[in-house]
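Q: Encoded as structure tokens, here's the structure I'll be asking about.
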Amino acid sequence: MMLNEPLLEINGLKKYYPKKDGFFQGKKSWIKAVDGMDLTIGKGETLGLVGESGCGKSTTGRMIVGLEDPTEGTVSFQGNNLSQVDKRELGKQMQMIFQDPFSSLNPRMKVSDVIAEPLRLHKVGSRIEQQKRVDELLERVGLRSEHGRRFPAEFSGGQRQRIGIARAIALSPSLIVCDEPVSALDVSIQAQVLNLLKDLQKELGVSYLFIAHGIQAVKYISDRIAVMYLGKIVEVATKEELFSRPQHPYTESLLSAVPRPDPKLRGRDRIILKGDLPSPENPPSGCRFHTRCPKVMDVCKQVEPALQVTREGTYAACHLVSEAEMKQPQEA
Amino acid sequence: MTKRETLLEINNLRAYAGKAGESRSQLVNGVNFRIDKGEIVALVGESGCGKSVTALSILGLNAASIEYENDSEIRFHEENLLQLSDRKLRKLRGNDISMIFQDPMFSLNPLKKIGKQMTEALLQHKAADVRTARQDAEKMIERVGITDPKRQLDNYPYQLSGGMRQRVMIAMALLCKPELLIADEPTTALDVTIQAQILEIMKDLQQELDVSILLITHDLGVVAEMADRVVVMYSGQVVEEADVYALFEQPLHPYTNGLLTSVPKLEGASDERISAIRGTVPSPQELPKGCNFYERCTHRSDRCKEEEPVLANHGGRNVACWHPVVEGANDVERTAIRN
């Protein structure tokens, strides 16, 4: 698949959180939230990042915008290593939309101030120009300019998410990290917000990293999708490839587990995984998915599979994929 | 299809927050539906539509500040549950009707071992002795897919994962072999692979024990997987009620239709734009005179603005709409959000 010019590149990214054990907090262990990942986001592209709770998808998003420092590895944005870039400058280029529209807006600030804050911080335009821009932004996200005089508490969840979006696009950034932007909203409102994000992308050419556990929404908005499991990426593919030919058994079971809104599909064959997600503090040896994988082999328990190109040109980290690759030339 | 015996019947349920005479808001306005024996009924709607108030009123668990209209009725075994004394309700809860909640962390006592909590209801209702109660509990949690049940009964809730806790809740709820299980968003807090496990267990147990389930959810996928019949609520009212296959095949109410089309499809191409329902739910303080869905509806006429539609039979199904979505016609306008 042709990738647009890369905007953001992640290499060997890791984030370990210390966990103190024992009465005197002497023993120290590490929670490996993100444990070595590589990823690229192209210009104007939406990359979906899916996975279950605790897989490290939010931590990844927070490291990209600079809210967390990586333990190891680099994030480079437009060719510059983020650890060497002024974080304040970064705000012009990267913004974030959060899951909870209730706690992500300051309740004591008027909506127009919430949206104007990034403009003021970066000293963009005069006071009057800023006000004009705020009115424009409010209209653009489907609110009215008089809404700017109200406080966040006067708005519903969906409207607040629109305010959060207006704030995020105020400085016309080139990348917006959306961390579960619709999970807290009702179904009918989710669709409104997803459509708004799509429209804005067409208009502004902004890239999105769309982090979510709701697979339907991710499919709707993304161009490519990365699937995470316990701090690692197990598969990256275009959404068409991912949904028609998932390569990794985890992706396959994840897609199969999503309840379909069609009772006629009830009898279909489903893969129901056994057991719980292992803890990221002490991930299983070899392939992290081997404890729940329906296709587990001996090699999976010892050797960790690397993310590699599959026959379809996508990426997957699974021994079955490498095996299939090995077989081909032998047969020929 | 043979007609099944009715287990629970809700007639004209009206509930208000606040006292009569004062400014009070209507939470539930004339809800009617029934649950048959051995049936799974899904109660669907968005936040604030009154589905949880309806469910909690069955068990008398609503806040004391919530008042019911005098002619409201919830019939269960010849009795009106709304008028039952606290003592009688206590006998009913966990025994004839039990409930599981969205977040199993908050519904388990963090200071008591799982085994102790599980056997409480058995000891209370069934006058069993501690040993047999514990054996029953062991069998039940094994049945919901928890390995090493003996050890798990000696654990505290914090030692279990979210999925495990919800299994414990289900086991606990079914231990006294109730006739009705009310499940309020039982899988909403869980990851999708765990959700699949829990739904599977609920379905198996439902068939094994022939318990009826009132499943409260906003997730249409869960409804399609689980329910026999669906009741759709909007702004405190039932707007549509139908057999699950009929409902997903052809929703009659524009709201139901809008809900179904606003979910992005997993199958097939996905570049097609999803049609959102415009606007937001009206607040219970300022409900319109006519149809509550009027502001957001794409099928509306002047009649809808003036006259409130009532739940009426429409080809064997119930719908509260003056202009039900007609078979085959797809005249719902694609609503752009920029308006």
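The values are calculated or read from the model by the stated rules, or taken from the named source; none is laboratory data. These numbers come from a predicted model, not from an experiment. Here the Cβ positions follow ideal geometry from the backbone for every residue, glycine too, while neighbour counts run over all protein chains shown. Note: areas computed on protein heavy atoms with side chains; ligands, DNA, RNA excluded. Shrake-Rupley method; radii C 1.70, N 1.55, O 1.52, S 1.80 Å.
Q: Given the options B:39, B:225, B:78, which has the most mean-square fluctuation in a GNM of chain B, springs set between C-alpha atoms less than 10 angstrom apart?
A: Judging by the Gaussian network model, the answer is B:78.
Q: For chain A, what % of the accessible area comes from carbon and sulfur atoms, probe 1.4 Å?
A: 50 percent
Q: Dividing the convex hull volume of the alpha carbon atoms of region A:192-313 by its residue count, what do you get in Å³ per residue?
A: Numbers: hull volume 17.9 nm³, N = 122.
Hull volume over Cα atoms, normalised by residue count, gives 147 Å³.
Q: Provide a whole-number value for the mean count of partner chain Cβ atoms within 10 Å of the Cβ atoms in peptide A:141-147. Show your work: numbers first, answer last.
A: On the way: counts 2, 5, 0, 0, 0, 0, 0.
For peptide A:141-147, the averaged partner shielding equals 1.
Q: Further, regarding this structure: Where Lys and Arg each count +1 and Asp and Glu each count -1, what net charge lies around residue B:98 among other residues with Cβ under 11 Å from its Cβ? Don't skip to the answer; put the middle values down first.
A: Details: positive: B:93, B:177; negative: B:96, B:179.
Taking every other residue near residue B:98 into account, the sum is 0.
Q: Another question, if that's okay. Where both partners of a DSSP beta bridge lie in region B:174-302, what percent of those bridges are antiparallel, to the nearest 5?
A: Working: 6 of 11 bridges.
Counting DSSP beta bridges with both partners in region B:174-302, the antiparallel share is about 55 percent.
Q: If you build a Gaussian network model of chain B, linking Cα atoms that sit under 10 Å apart, which residue out of B:90, B:273, B:229 swings the most?
A: B:273
Q: If you don't mind, another one. Over region B:175-271, give the accessible area per residue in Å² for a 1.4 Å probe, as an integer. Can you show the working numbers first?
A: Details: 2620 Å² over 97 residues.
Value returned for region B:175-271: 27 Å² of accessible area per residue.
Q: Still on this structure, I have one more. Sort out for me the Cα centre separation of region A:223-253 from region B:48-124, rounded to whole Å.
A: For region A:223-253 versus region B:48-124, the Cα centre distance is 42 Å.
Q: Quickly work out the residue B:89-to-residue A:38 label distance, labels modelled 7 Å from Cα along the C-beta direction, and quote it in nm with one decimal.
A: About 6.2 nm, to one decimal.
Q: Using the Kirkwood radius over Cα pairs, work out the Stokes-Einstein diffusion coefficient for chain A at 20 °C and 1.002 mPa s, in µm²/s as a whole number.
A: 100 µm²/s
Q: What fraction, in whole percent, of alpha-carbon pairs in region B:64-164 exceed 17 Å separation?
A: Working: 3164 of 5050 pairs.
Percent of Cα pairs beyond 17 Å in region B:64-164: 63.
Q: Also, I was wondering about something else. Sort the protein assembly as shown into rounded, prolate or oblate with this rule: let a ≥ b ≥ c be the square roots of the eigenvalues of the Cα gyration tensor; rounded if a/c is under 1.5, and if a/c is not under 1.5, prolate when a/b is larger than b/c, oblate otherwise. Kindly include the intermediate steps, with their values, before the conclusion.
A: On the way: a/c = 1.67, a/b = 1.19, b/c = 1.41.
Taking the square roots of the gyration eigenvalues as a ≥ b ≥ c, the protein assembly as shown is oblate.
Q: Under 12 Å from the Cβ of residue A:53, count the other residues' Cβ atoms, weight Lys and Arg +1, Asp and Glu -1, and hand me the total.
A: On the way: positive: A:57; negative: A:52, A:180, A:276, B:191.
Net charge in that neighbourhood comes out at -3.
Q: Mind checking which lysines have their C-alpha under 16 Å from residue A:20, skipping anything on the same chain fewer than 8 residues away?
A: The qualifying lysines are A:28, A:32.
Q: While we're looking at this one, here's another question. Within region B:19-47, find all residues whose amide N lies under 19 Å from a label point positioned 7 Å from the Cα of residue B:63 along Cα-to-beta-carbon.
A: Only B:19-29, B:47 pass the distance filter.
Q: On a 0 to 90° scale, report how tilted helix A:187-204 is relative to the longest principal axis of chain A, with both axes built from alpha carbons and the result rounded to the nearest 10.
A: The helix A:187-204 is inclined about 80 degrees to chain A.
Q: As a check on your grasp of the helix formula, calculate [θ] at 222 nm for the protein assembly as shown: sum -39500 (n - 2.57) over DSSP H runs of n ≥ 4, divide by the residue count, round to the nearest 500.
A: On the way: 23 runs with 217 residues, N = 671.
After summing the helix terms and dividing by the residues of the protein assembly as shown, the value is -9500 deg cm²/dmol.
Q: Another question, if that's okay. Loop by DSSP (not H, G, I, E, B), at most 15 other beta-carbon atoms within 10 Å: where is the longest site-free stretch of chain A for chymotrypsin sites (Phe, Trp or Tyr not before Pro)?
A: Working: sites that count: A:23, A:24, A:102.
Longest site-free region, per DSSP loop and neighbour criteria: A:103-332.
Q: For region B:275-313, which residues drop by 10 square angstrom or more in accessible area between the chain on its own and all protein chains together (1.4 Å probe)?
A: Listed by number, the residues meeting the 10 Å² cut-off are B:276, B:277, B:279, B:280, B:296.
Q: Once you average over the residues of A:260-271, how many Cβ atoms of partner chains fall within 10 Å of each Cβ?
A: Average neighbour count from other chains, rounded to a whole number: 6.
Q: Hey, got the dipole for chain A? About the Cα centre, +1 on K and R Cβ, -1 on D and E Cβ, debye to the nearest 20? Mind showing how you got there, number by number?
A: Details: 46 positive and 41 negative charges, 172 e Å.
Rounded to the nearest 20 debye, it is 820 debye.
Q: Further question: Residue by residue through region A:145-153, what is 3J(HN,Hα) from phi via Karplus (6.51 cos²θ - 1.76 cosθ + 1.60, θ = phi - 60°)? Round to whole Hz and write x for glycine and proline.
A: After applying 6.51 cos²θ - 1.76 cosθ + 1.60, I find 5, 5, 4, x, 7, 8, 9, x, 4 Hz.
Q: Of all DSSP beta bridges located in the protein assembly as shown, what percent are antiparallel, nearest 5?
A: On the way: 59 of 95 bridges.
Here the antiparallel bridges make up roughly 60 percent for the protein assembly as shown.
Q: How many square angstrom of accessible surface are buried between B and A, both sides summed, with a 1.4 Å probe and rounding to 100?
A: Interface between B and A: roughly 4200 Å².
Q: Still on this model: Measuring from centroid to centroid over Cα atoms, what is the spacing of region A:78-92 and region A:93-112 in Å?
A: Cα centroid of region A:78-92 versus Cα centroid of region A:93-112: 22 Å apart.
Q: Another question, then. Anyone know which of B:190, B:174, B:311 comes out most mobile in the 10 Å Cα GNM of chain B?
A: Of B:190, B:174, B:311, the Gaussian network model singles out B:190 as fluctuating most.
Q: What does the accessible area per residue of region A:193-322 come to in Å², with a 1.4 Å probe and no ligands, DNA or RNA counted?
A: Per residue, region A:193-322 has an accessible area of 38 Å².
Q: What Rg and what Dmax come out for region B:3-51 when only alpha-carbon atoms are used, in angstroms?
A: Looking at region B:3-51, its Cα Rg and Dmax stand at 13.9, 44 Å.
Q: Tell me whether region B:229-308 comes out rounded, prolate or oblate; compute the Cα gyration tensor, take square roots of the eigenvalues as a ≥ b ≥ c, and use a/c under 1.5 as the rounded threshold. Provide the component values of the computation, followed by the final result.
A: Working: a/c = 2.20, a/b = 1.54, b/c = 1.42.
Since a/c reaches 1.5 and a/b is larger than b/c, the shape of region B:229-308 is classed as prolate.
Q: So, one more: Under 17 Å between alpha carbons, and skipping anything fewer than 8 positions from residue B:116 in its own chain: which lysines qualify?
A: The qualifying lysines are B:126, B:139, B:150.
Q: On to the next question. Taking each residue in B:167-178, count the Cβ atoms of any other chain within 10 Å of its Cβ, then average. What number comes out?
A: On the way: counts 0, 0, 0, 0, 0, 0, 0, 0, 0, 0, 0, 0.
Mean number of neighbouring Cβ atoms from other chains: 0.
Q: Oh, and also: Please report, in cubic angstrom per residue, the volume enclosed by the convex hull of the alpha-carbon atoms of chain B. List each step's numbers first, then the result.
A: On the way: hull volume 55.6 nm³, N = 339.
About 164 Å³ per residue, rounded to a whole number.
Q: Also, quick follow-up: On the protein heavy atoms, probe 1.4 angstrom, tell me the percent of accessible surface of region B:277-319 carried by carbon and sulfur.
A: Working: 1200 of 2570 Å².
Exposed carbon and sulfur together represent 47 percent of the surface.
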